[in-house]
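Report on the structure given below.
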Amino acid sequence: MRKTAFIAIVGRPNVGKSTLLNAILGEKVAIVSSKPQTTRNRITGIYTKGEEQFVFLDTPGFQKPRTKLGEYMLTASSSSLGSSDAVILIADASYSPGEIEKNILEKVSGSKLPCILVLNKTDMSGAEKLAKTISEYDALYKFDAVVPTCASRGQGVDDVISECEKFLTESEWFFPEDMITDQPERTIAAEVIREKILRTLNDEIPHGTAVSVEEFKEDGKMIRIRADIYCEKASHKGIIIGKDGETLKKIGSYAREDLERFFGTKVYINLWVKVKEKWRDSTLNLNNLGYNLKDLK
Ligand SMILES: Nc1nc2c(ncn2[C@@H]2O[C@H](COP(=O)(O)OP(=O)(O)OP(=O)(O)O)[C@@H](O)[C@H]2O)c(=O)[nH]1
Ligand SMILES: [Mg+2]
């Protein structure tokens, strides 16, 4: 008999939610960077094993919004609790629970959903600090399980999956057996390009960028992608392009390597940088860039 469960992965920015999702799937479907607020959308990752199908929802890190994009991201995270059967709260093993975790737990408690606590980055915490963090969380909330992980090395990931097994209920699957994400190919391409921007550029510029794939053509031999990178200021455009176009070339070439691996075919990428002032506060621009509140319902 087939079984399934929808499980939201929530937590503050930068704790390793997307890294955990990728580690569970054994495939990269969510972009990862050392900068907080990397994930901007709800990302579905599907893990099917025997008769069991787990549908994980990776979410943007919970944070007070400062722009309309921030409001969209917060809605994407909060609404994922409403579409789930269970929750994984992920936090850094080195830090005591803070306001963000307490707020999330209030929401989880209100929703009456079962909740697993994953304490990630144990490679940085050490055993003593981890034990202290566990006891602080235990005093705060009655979790269904507490699992320490080092998601970047895949440690503890199997334990997370076994703990999630108890949330499965008998039901037809919602996705085909070989599907790992619901993101269209164009979205994956845009996200990988955005990841390379986050990883190549310093300071605040990446947070003000968005990527829109304008053309995605497959001709049997290769995939041709034309994408626009939006930024907020002319001075940012210059930095993204770099001297003699070097920075933009790097972004394109890193993205090409990843996308060739993902699609299993040769990829050609043509990037253009455009300025759209204050796009993060324009509903029209956000909708055009794929951040539409209507899609979250
Ligand atoms: N040392 C260490 N770093 C980790 C571990 N897991 C993830 N990271 C790193 O932590 C950073 C953030 O990881 P992400 O997976 O993007 O975090 P996130 O929670 O999805 O972040 P947002 O999307 O911004 O909310 C990246 O640099 C990861 O490589 C871990 O177990 N140990
Ligand atoms: Mg993420």
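Pull up the range 1-15, narrow it to residues that are under 11 Å from the mean Cα position of the chain (by Cα) and surrounded by fewer than 22 Cβ atoms within 10 Å (Cβ to Cβ), then point me to the one that is farthest from Ser80 (Cα to Cα). Going through the qualifying residues, I end up with Asn14. Residue selection: Thr67 fails the criterion of being in the same structural domain as Pro148 (by TED's automatic domain parsing) and within 16 Å of ligand 2 (Cβ to nearest atom).
Picking from Asp144, Asp123, Asp182, which residue would you name as being out of contact with any helix residue (DSSP H, G or I) (no Cβ under 8 Å at 6 or more places or on another chain) and charged (D, E, K, R)? Write out each step before concluding.
Working: Asp144 fails: out of contact with any helix residue (DSSP H, G or I) (no Cβ under 8 Å at 6 or more places or on another chain); Asp123 fails: out of contact with any helix residue (DSSP H, G or I) (no Cβ under 8 Å at 6 or more places or on another chain).
Exactly one of Asp144, Asp123, Asp182 is out of contact with any helix residue (DSSP H, G or I) (no Cβ under 8 Å at 6 or more places or on another chain) and charged (D, E, K, R), namely Asp182.
Looking only at residues of the range 70-94 that are surrounded by fewer than 23 Cβ atoms within 10 Å (Cβ to Cβ) and of a type in the set (A, V, I, L, M), we find that the one that is farthest from ligand 1 (Cβ to nearest atom) is Ala86.
Of all residues in the range 241-252, none are over 20 Å from the mean Cα position of the chain (by Cα), among the hydroxyl-bearing types (Ser, Thr, Tyr) and exposed (fewer than 15 other Cβ atoms within 10 Å of the Cβ).
Give me the residue from the range 16-29 that is under 11 Å from the mean Cα position of the chain (by Cα) and under 20 Å from Asp92 (Cβ atoms) and, out of that set, nearest to ligand 2 (Cβ to nearest atom). The residue in question is Ser18. Contact annotation: residue pairs with Cβ atoms under 8 Å, 6 or more positions apart or on different chains, pairing a residue in the range 122-139 that is within 11 Å of Cys150 (Cα to Cα) and in the same structural domain as Thr19 (by TED's automatic domain parsing) with a partner that is assigned to a helix (DSSP H, G or I) and of a type outside the set (Gly, Ala, Ser), are Thr122/Leu130; Asp123/Arg153; Ser125/Thr133. Taking the criterion of being more than 16 Å from ligand 2 (Cβ to nearest atom), modelled with pLDDT under 95, assigned to a helix (DSSP H, G or I) and closer than 23 Å to Ile24 by Cβ, would at least one residue in the range 82-93 satisfy it? There is at least one residue in the range 82-93 that is more than 16 Å from ligand 2 (Cβ to nearest atom), modelled with pLDDT under 95, assigned to a helix (DSSP H, G or I) and closer than 23 Å to Ile24 by Cβ.
Mind checking whether some residue in the range 262-277 is without any contact (Cβ under 8 Å) to a residue 40 or more places away in the chain and either within 19 Å of Gln183 (Cβ to Cβ) or over 22 Å from the mean Cα position of the chain (by Cα) (or both)?
To start, the set of residues in the range 262-277 that are without any contact (Cβ under 8 Å) to a residue 40 or more places away in the chain comprises 264.
Filter once more, keeping what is either within 19 Å of Gln183 (Cβ to Cβ) or over 22 Å from the mean Cα position of the chain (by Cα) (or both): 264.
Scanning the range 262-277, I find at least one residue that is without any contact (Cβ under 8 Å) to a residue 40 or more places away in the chain and either within 19 Å of Gln183 (Cβ to Cβ) or over 22 Å from the mean Cα position of the chain (by Cα) (or both), so the answer is yes.
In the range 75-99, the residues that are under 23 Å from Ser152 (Cα atoms) form Cβ pairs under 6 Å with partners that are aromatic (Phe, Trp, Tyr) and assigned to a helix (DSSP H, G or I), at six or more places apart or across chains, as follows: Pro97/Tyr137.
The values are calculated or read from the model by the stated rules, or taken from the named source; none is laboratory data. Predicted model, so just to flag it, every value in this text is computed and none were measured. Cβ atoms come from the backbone with ideal geometry, glycine included; neighbour counts cover every protein chain shown.
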